[in-house]
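Below you'll find the structure, written out as C-alpha cells, and then a few comments.
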C-alpha cells in the first residue's frame with residue numbers, strides 16, 4: 001500500500017536523523033516535579049476547520065467543559081503533520097532545483113566561500129524553519145497552521161513520528177499521544193474506503209514503545225483503521241504493551257436532546273438511527289453513537305453475527321417488510337431539527353414518515369442493517385436529503401421507546417469535540433480509558449463489513465470475526481453537566 | 001400518536017396573529033397546532049383544532065394564510081378578531097385563544113420599541129369575553145405590551161375575568177444544555193444572561209432567560225427596584241469595573257456553542273476583552289436589582305455569540321451554576337425552529353387543563369424590565385422602578401422547560 005511504503009521510508013529517515021546530531025535539539029531539560037502532562041500530537045492536516053485543528057487546539061487554548069473554560073494540565077511538546085511532510089517530499093530537492101537553476105539558497109548566491117555541495121545531502125527533509133513563516137493574520141483558510149501554533153505555544157514540529165515521541169532526544173519524552181488522522185488526499189480502495197493511515201501511525205508509536213519498553217496512553221480519533229484486522233491488531237498490541245488505547249468520535253459523548261440513555265441492563269429489541277453524510281466517515285460516527293447506547297443492553301455487548309448494507313429502493317422495501325421499524329423511524333425523526341422538503345419551503349412542521357415523502361427527498365438512501373449475536377437488531381438509515389442531524393430511537397422492554405438527538409453543535413466551534421477532549425484528557429490523567437476501545441473496534445468492524453456487503457452487491461454477510469464482547473462503562477459517558 | 005378524531009370534546013381554538021409568512025412567529029406557532037410536530041419522541045397531533053384565524057397584515061409576498069386554510073378545511077379565515085372568536089354566532093364560540101403579536105410591520109414607539117399589537121388584540125378579545133359573559137384560556141406569545149400600563153392592565157383583566165393567561169418567550173421553556181434547573185428555594189446574589197440581537201426585541205428573550213431561573217430563588221419573586229442600561233463605551237467601562245461579575249460572564253460563555261473566536265486562526269478560544277470589543281459593535285446591558293438584593297444583568301453581545309446562556313452564583317455551590325437555553329435556530333444551523341415546540345406544548349397543556357403552566361407575572365415583570373431598559377437608555381441614567389417592585393409572585397414548583 002502506498003501509505004505503508006511511505007511510512008517505512010519515514011522510519012528510515014528518522015534513523016538517519018537520529019544519527020545526525022546537529023539537527024536534533026531537545027527542547028526539554030529539567031522538568032519540575034509536578035509538571036503538566038507532555039503531549040505529542042500526530043495528524044494529517046492542521047488547517048482551519050480540520051478535525052486535528054478543532055481537537056488539538058483544545059489542549060493549547062482550553063475548552064468549554066462543565067461550566068468553565070477549562071485549561072488542561074497538558075503541555076503540547078511535539079507535532080507531526082503528515083501533509084507537511086508529504087508536501088515537502090513532493091517538492092523538488094535542492095539538487096533538482098539547483099539543476100533547474102531555481103534554487104535561491106544564499107550559499108549559491110555569488111560571493112566568497114560558496115559551500116555548494118552540502119545542499120543536496122538534505123534531500124526531502126525540509127526543516128520547519130525553512131517553511132515560509134506567515135504571521136497568523138496573513139494565513140488563508142487553507143493554510144497549514146502547524147508553524148504558527150508551534151511558534152505560539154513553543155513546541156517542536158517533527159519530521160516523523162518517532163521524533164515526535166522523543167522530542168528530539170533518544171528516549172520517549174512524552175506522557176501521552178493524540179492522533180487525528182483524517183482525509184486529506186489519501187487514496188480510496190475499491191470499496192470506497194479512504195485508506196487513512198491510523199494503523200501506520202499506531203504501529204510507529206508501538207514500535208517506539210516496544211523498543212524502549214515504555215508506553216504511554218494513546219488516543220485515536222474515530223475508527224481504528226479502515227481494516228478490522230488491523231484494528232484488532234492495534235487493540236492486541238495495546239494489551240500486550242499495557243498502555244491505554246482509546247478511540248472514537250465525538251458523537252457518543254456529546255450532549256443529547258433530551259438528556260437520556262438506554263437504561264443499563266435493559267432488553268433492547270430494536271433500534272433505528274438516522275443520520276447523514278458519507279458512508280465511510282459519518283457512517284462510523286453514527287454507528288458508534290448507536291453502539292454506545294446499545295452496548296448498555298442486558299448482558300453487555302456480545303458481538304455482531306451478520307450485517308447487510310442496503311441501497312436505493314431496497315431500503316424502503318426493507319421497511320415495508322418490517323426489517324426496520326417504521327415506528328422507530330418516526331420516533332427518531334421526531335427528534336430532528338433539520339427536516340428538509342416542505343419545512344424548507346414554507347417553514348411548516350411535517351411528519352417525514354407520511355407516505356411517499358422520504359423516497360421523494362432521499363435520492364440515495366442507505367441502510368446499515370446490523371444483527372447482533374443476542375438477537376437485537378439495529379439499523380442505521382443514512383437519509384441525505386431528508387435531514388441534517390443524527391437521531392436514534394430504540395424499543396426497550398419495559399421502558400417503551402427511548403429516543404434522542406445526538407447534539408452535533410454548529411461549526412466552527414464544534415463544541416461537541418470539547419466533550420471528546422474532556423474524555424481524552426481524563427484518559428491521559430488516569431491512564432485508563434473512560435469507555436472501552438472495544439466499542440470503536442466493533443464499530444470499525446461493523447463499518448468494514450457493511451462496506452464489504454455493499455461491494456458484494458448488498459449481500460447479507462455473516463460476521464464471525466465480529467464476536468467482540470465487552471461490558472459498557474457503569475455510568476453514561478455523554479456530556480450532562 | 002394521538003388519534004385524529006376522538007370525541008366532540010376536542011377544544012376549538014381561535015388564532016389571532018400579525019402576519020402568516022415563512023419563519024415568522026405566527027407560522028411557527030399556528031402551524032404546530034395545524035400540522036402537528038415532533039415532541040416526546042413522537043410526531044404529535046394536538047388534540048384540539050384551530051377553527052378560525054385572524055391575520056392582521058396579509059399584504060406583501062409570502063402570505064401563507066390561504067394555503068393553510070385550503071389544506072385545513074376546519075380553519076376559517078376571519079376578517080375581524082370578533083368574528084374569529086364568535087364564528088358568526090354573536091358570542092364566544094371557541095375554547096381557547098392563541099395570540100401571536102410578534103413580527104408584522106408596526107411602527108416604533110417614541111422610545112423605539114416596536115408597537116406590536118398585543119394589547120389591541122387583547123382588548124378586542126376580552127371585549128368578546130365580557131360581552132359573552134365567559135372567558136377561555138389565552139396564550140400570548142412573547143411580551144405583553146410595549147406600554148407598561150397596558151401590560152399591567154392585561155394581567156389585571158385576566159385576574160378580573162378569571163381566565164388562564166400564559167405567554168412569554170420560548171427561552172423559558174426550551175432545551176437546556178445541560179438539562180438543569182435552578183434549585184427551588186436556593187439563595188442567589190447575582191445572575192447574568194448573555195444573548196444577542198437588539199433592544200426592544202431579543203432583550204426580552206435575555207430577560208426571560210434570567211427570570212425563569214431566578215424566580216425560583218428563596219422567597220420567590222420580590223420585584224425590581226431599579227435598572228440601569230449600559231451601551232457602547234459605558235458598557236465596556238462597566239464590564240471592566242466589575243459592575244457585573246466577569247466570572248459569571250465567563251461561566252455563561254463557557255456554555256455557548258457559538259462563541260466567536262477573536263483570532264481568525266482559532267475556532268474555539270476564549271476571547272480577551274479587547275477582542276470582545278472588536279467583535280461586539282453594539283453591546284447592551286440591563287443591570288438591575290431586585291428588592292431582596294439579587295442583582296441581575298442581561299447582556300446582548302451580538303457579533304460574539306448567537307445563543308443564550310445563563311449563569312448565577314448560588315449559595316452553597318462551589319462554582320457558578322450555568323446552562324445554555326438552546327434555540328435550534330433556523331438561520332443555517334437547523335431548518336426547524338424547534339424551540340416553539342415546548343412553547344406550543346405548554347400552551348396545549350393550558351388549553352386542555354384550563355391552568356397556566358407558568359406564572360404570567362413572569363412575563364409582566366420581563367415586559368416591564370424591557371420597557372425600563374429602553375427608558376433608562378433614552379434617559380441616560382439609572383431609573384427607579386417602583387411599579388416593578390409591586391410585581392411579586394411565587395414560581396410554579398414544577399419545571400416547565402423541555403426535557404423529554
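Below are the figures for this structure:
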| item | result |
| --- | --- |
| Given (1) assigned to a loop (DSSP other than H, G, I, E, B); (2) surrounded by 20 or more Cβ atoms within 10 Å (Cβ to Cβ); (3) assigned by TED's automatic domain parsing to the domain that holds residue A:200, number of the condition residue A:238 does not satisfy | (1) |
| Candidates B:318, B:378, filtered to the one that is surrounded by fewer than 16 Cβ atoms within 10 Å (Cβ to Cβ), within 14 Å of another protein chain (Cβ to nearest Cβ) and over 30 Å from residue B:137 (Cα atoms) | B:318 |
| Qualifying residue in region B:25-44 (condition: more than 14 Å from every other protein chain (Cβ to nearest Cβ), part of a loop (DSSP other than H, G, I, E, B) and touching a strand residue (DSSP E or B) at 6+ places or on another chain (Cβ under 8 Å)) | no |
| Single residue of B:277, B:237 found to be surrounded by fewer than 21 Cβ atoms within 10 Å (Cβ to Cβ), in contact (Cβ under 8 Å) with a residue 24 or more places away in the chain and not in a strand (DSSP E or B) | B:277 |
| Selection from region A:241-279 of residues that are in a loop (DSSP other than H, G, I, E, B), within 14 Å of another protein chain (Cβ to nearest Cβ) and out of contact with any helix residue (DSSP H, G or I) (no Cβ under 8 Å at 6 or more places or on another chain) | A:258, A:259, A:260 |
| Conditions (1) in contact with a strand residue (DSSP E or B) (Cβ under 8 Å, 6 or more places away or on another chain); (2) away from chain A (no Cβ under 14 Å); (3) under 30 Å from residue B:343 (Cα atoms): number failed by residue B:293 | (3) |
| Criterion: touching a residue at least 40 places away in the same chain (Cβ under 8 Å), surrounded by fewer than 23 Cβ atoms within 10 Å (Cβ to Cβ), more than 15 Å from the chain's Cα centre (by Cα) and within 14 Å of another protein chain (Cβ to nearest Cβ) - qualifying residue of B:181, B:190, B:225 | B:181 |
| Hey, residue B:88 surrounded by fewer than 16 Cβ atoms within 10 Å (Cβ to Cβ) and over 25 Å from residue B:347 (Cα atoms) or not | yes |
| Residue check, residue B:195 modelled with pLDDT under 95, more than 14 Å from chain A (Cβ to nearest Cβ), closer than 23 Å to residue B:375 by Cβ and crowded, with 20+ Cβ neighbours inside 10 Å | no |
| Residue match in region A:207-219 (condition: within 26 Å of residue A:191 (Cα to Cα) and in contact with a helix residue (DSSP H, G or I) (Cβ under 8 Å, 6 or more places away or on another chain)) | no |
| Test result for residue B:313, farther than 16 Å from residue B:212 by Cβ and in a strand (DSSP E or B) | yes |
| Qualifying positions in region B:159-178 - crowded, with 24+ Cβ neighbours inside 10 Å and more than 14 Å from every other protein chain (Cβ to nearest Cβ) | B:165, B:166, B:167, B:168, B:169, B:171, B:172 |
| Residue in region B:355-371 that is closer than 24 Å to residue B:177 by Cβ, buried (at least 23 other Cβ atoms within 10 Å of the Cβ), within 14 Å of another protein chain (Cβ to nearest Cβ) and at pLDDT 95 or above present | no |
| Every residue from region B:142-172 that is part of a loop (DSSP other than H, G, I, E, B) and either assigned by TED's automatic domain parsing to the domain that holds residue B:329 or under 21 Å from residue B:108 (Cα atoms) (or both) | B:143, B:144, B:145, B:146, B:147, B:169 |
| Verdict on residue B:266 being under 18 Å from residue A:58 (Cβ atoms), crowded, with 20+ Cβ neighbours inside 10 Å and more than 24 Å from the chain's Cα centre (by Cα) | yes |
| Of the criteria (1) closer than 19 Å to residue B:369 by Cα; (2) within 18 Å of the chain's Cα centre (by Cα), which one residue B:312 fails | (2) |
| Search result, residues across region B:296-310 that are assigned to a loop (DSSP other than H, G, I, E, B), away from chain A (no Cβ under 14 Å) and crowded, with 20+ Cβ neighbours inside 10 Å | B:301 |
| Some residue of region B:133-147 being closer than 16 Å to residue B:14 by Cβ and surrounded by fewer than 16 Cβ atoms within 10 Å (Cβ to Cβ) | yes |
| Yes/no for residue B:60 being over 21 Å from the mean Cα position of the chain (by Cα) and under 30 Å from residue B:331 (Cβ atoms) | yes |
| Looking only at region A:60-75, and only at residues there that are part of a loop (DSSP other than H, G, I, E, B) and without any contact (Cβ under 8 Å) to a residue 12 or more places away in the chain, the one that is farthest from the other protein chains (Cβ to nearest Cβ) | A:71 |
| Yes/no for residue A:52 being modelled with pLDDT of 95 or more and more than 14 Å from chain B (Cβ to nearest Cβ) | no |
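Conditions (1) in contact with a helix residue (DSSP H, G or I) (Cβ under 7 Å, 6 or more places away or on another chain); (2) modelled with pLDDT of 75 or more; (3) more than 14 Å from chain B (Cβ to nearest Cβ); (4) in a helix (DSSP H, G or I), marked per residue:
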position: A:96; (1), (2), (3), (4): no, yes, yes, yes
position: A:104; (1), (2), (3), (4): no, no, yes, no
position: A:112; (1), (2), (3), (4): no, no, yes, no
position: A:129; (1), (2), (3), (4): no, no, yes, yes
position: A:140; (1), (2), (3), (4): no, no, no, no
position: A:147; (1), (2), (3), (4): yes, yes, no, yes
position: A:152; (1), (2), (3), (4): no, yes, no, yes
position: A:163; (1), (2), (3), (4): yes, yes, yes, yes
position: A:170; (1), (2), (3), (4): yes, yes, yes, no
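The values are calculated or read from the model by the stated rules, or taken from the named source; none is laboratory data. Predicted, not measured: the structure shown is a model, and the values here were computed from it. So basically every Cβ, Gly included, is an ideal-geometry build from the backbone, and we count neighbours across all protein chains shown.
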